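Here, each number is a calculation from the coordinates, and none is a lab measurement. Please read these numbers as outputs of a predicted model, since none were measured by experiment. Cβ placement follows ideal geometry from the backbone for every residue including glycine, while neighbour counts extend to all protein chains displayed.
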Amino acid sequence: MIARVQADLREARLARDAARVQVLGTLLAALQSAEKDAGGALDDAAATAVLRRERKRRAEAAESFREAGREEDAAREDDEGALIEGYMPAALDPAELDRMVAEAVAEAGATTPREMGAVMKLLTPRVAGRADGRTVSDAVKRALAG
């Protein structure tokens, strides 16, 4: 992931795209910091977590700007978030998530909502970075509710 961001940053600098340079520079710094904290190369799940965190920061900033009536700044934050999303794995479509939930429920042998933890334990690593926890949790609750 770091190599990809570095290459894109180099390309953006050559193209003199100041907005992309700024976003990619910040993203690269966040990834390198996480790598340093981890004490080695980041795996896909850790890199995706950094991307998700950076995207969430942009979404929160955009919301704050909108509340303050600063629509132009909010739009800039939205654009930065969209650029970061381009580096994230494709999100699971609802049908694929439901299929994965059904498999995990069957594998765990879960039949009641009380067994949701066992299903989530199996499912979380499988959907890492491709669906947020709340969406997965809601899908598991629906599956176990009958």
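Observations, loosely collected:
- Selection over the stretch 102-145 of residues that are closer than 20 Å to A49 by Cα and of a type in the set (D, E) gives a count of 1.
- Selection from the stretch 60-93 of residues that are closer than 22 Å to R4 by Cβ and in a helix (DSSP H, G or I): D79, E80, G81, A82, L83, I84, E85
- Positions within the stretch 66-79 being under 27 Å from L28 (Cβ atoms) and free of Cβ contacts under 8 Å to residues at least 60 places away in the same chain, in sequence order: R70, E72, D73, A74, A75, R76, E77, D78
- Among residues that are surrounded by 11 or more Cβ atoms within 10 Å (Cβ to Cβ) and not in a helix (DSSP H, G or I), L42 is included.
- Within the stretch 129-144, residues that are at negative phi reach partners that are basic (K, R) with beta carbons closer than 9 Å, at six or more positions or on different chains, in the pairs D132/R52; L144/R114.
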